[in-house]
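What follows is a set of notes on a single structure, which appears directly below.
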Amino acid sequence: MTQNPGQAPPLVLTIAGSDSGGGAGIQADLKTMFALGAHGMSVIAAVTAQNSLGVQGYWELPPDAVRAQLDSVLSDIGVHAIKTGMLASSTLVEIVAERLAASDAPSVVDPVGVSKHGDSLLDPSAVDAVRTRLLPAATVVTPNLWEVEQLTGVKVVDESGLREAAEAVKALGPAWVLVKGGHLPGEPSDLLFDGEREYRYTAPRHDNRHTHGTGCTLASAIASHLALGETVPDAVAKAKEYVTGAIAAGFPLGAGIGPVDHRW
Ligand code: PLP
């Protein structure tokens, strides 16, 4: 998107983990924000050593380093929307939850638990802080079905269970819930719910195994569209369209699962 010369684009902040392979996390977030015409900023919560085969290790940043990054961005530049991803520990979840609760900017919380390869990206002791501190501060939370089960105990086996899942997550306090049903058989279907209104989004399934970074890209695209002034249902619709194109364009990398492509 072309910006007017001299005029600042919408400002979007990601608070998440770095992916050394460049496919997910902070790297996917910044590419998404750039592609959608926003200025992306990053508070790094953790650093992963990661490639197409999985996550070989991760290190969370000291709490003071996360607080200092937040202070630097928020005290001077400001934000129009915030996205959160991998936060690693209950201490970092609590620091971020406090800032979201104090901010007027809409927030999109991707409650990252494990990667597609099954590598844990959140200490099990932090799940409670995500449930009780982070989710109540979120404008939109974007759990997949595994995360719904981890957060609420509700297990979804087919599309008819999406509404119950959304109600269970909504009860934890976010303004909106987007339950991602992409792992169910059939056409991928997601459900957006605010306690009253329900929106369903379906997209054709692309037979492409190179889907690393899908969740990060979707949440960052929603945050970017919110920063551009869209309503939540419209931001989700446009973000779905963007991530569907990025999945279709996903490419092989290394010996394992390649990333979605942001240049389609
Ligand atoms: N690495 C980081 C830093 C992430 O934040 C995430 C997901 O949020 C992943 C890896 C996992 O990505 P995927 O499940 O798309 O492979």
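Condition test on Gln27, is it assigned to a strand (DSSP E or B) and within 15 Å of the ligand (Cβ to nearest atom)?
It is false that Gln27 is assigned to a strand (DSSP E or B) and within 15 Å of the ligand (Cβ to nearest atom).
Could you run through the range 33-57 and say how many residues are surrounded by 18 or more Cβ atoms within 10 Å (Cβ to Cβ) and within 24 Å of Gly118 (Cα to Cα)? Quick ask: steps written out before the conclusion?
To start, the set of residues in the range 33-57 that are surrounded by 18 or more Cβ atoms within 10 Å (Cβ to Cβ) comprises 33, 35-36, 38-48, 50-51, 55.
Now drop any that are not within 24 Å of Gly118 (Cα to Cα), which leaves 44-48, 50-51, 55.
Matching residues across the range 33-57 total 8.
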| request: Could you check Thr211 against (1) in contact with a helix residue (DSSP H, G or I) (Cβ under 7 Å, 6 or more places away or on another chain); (2) within 16 Å of the ligand (Cβ to nearest atom); (3) under 21 Å from Ala138 (Cβ atoms) and say which number it fails? | output: (3)
| Can you tell me which residues in the range 108-129 are free of Cβ contacts under 8 Å to residues at least 40 places away in the same chain and surrounded by 15 or more Cβ atoms within 10 Å (Cβ to Cβ)? | Gly113, Val114, Leu122, Asp123, Ala126, Val127, Ala129
| message | Between Leu178, Leu184, which is closer than 27 Å to Ala246 by Cα and part of a loop (DSSP other than H, G, I, E, B)? | response | Leu184
| task | Output yes when any residue across the range 68-82 is of a type in the set (Ser, Thr, Tyr), in contact with a Pro (Cβ under 6 Å, 6 or more places away or on another chain), surrounded by fewer than 19 Cβ atoms within 10 Å (Cβ to Cβ) and in a helix (DSSP H, G or I), and no when none is. | result | no
| query | Name the pairs: first residue in the range 148-175 and closer than 25 Å to Ser125 by Cα and modelled with pLDDT of 95 or more, second residue surrounded by 18 or more Cβ atoms within 10 Å (Cβ to Cβ) and among the basic types (Lys, Arg), Cβ to Cβ under 8 Å, at least 6 apart or on different chains? | reply | Leu151/Arg131; Leu172/Arg131
| remark: Checked the range 195-247 for anything in contact with a Pro (Cβ under 9 Å, 6 or more places away or on another chain), modelled with pLDDT of 95 or more and surrounded by fewer than 17 Cβ atoms within 10 Å (Cβ to Cβ); matches are Arg197, Tyr199, Gly229
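The values are calculated or read from the model by the stated rules, or taken from the named source; none is laboratory data. Since the structure is predicted, the reported quantities are computational estimates derived from the model, not experimental observations. Note: ideal-geometry Cβ built from the backbone for every residue, glycine included; neighbour counts use all protein chains shown.
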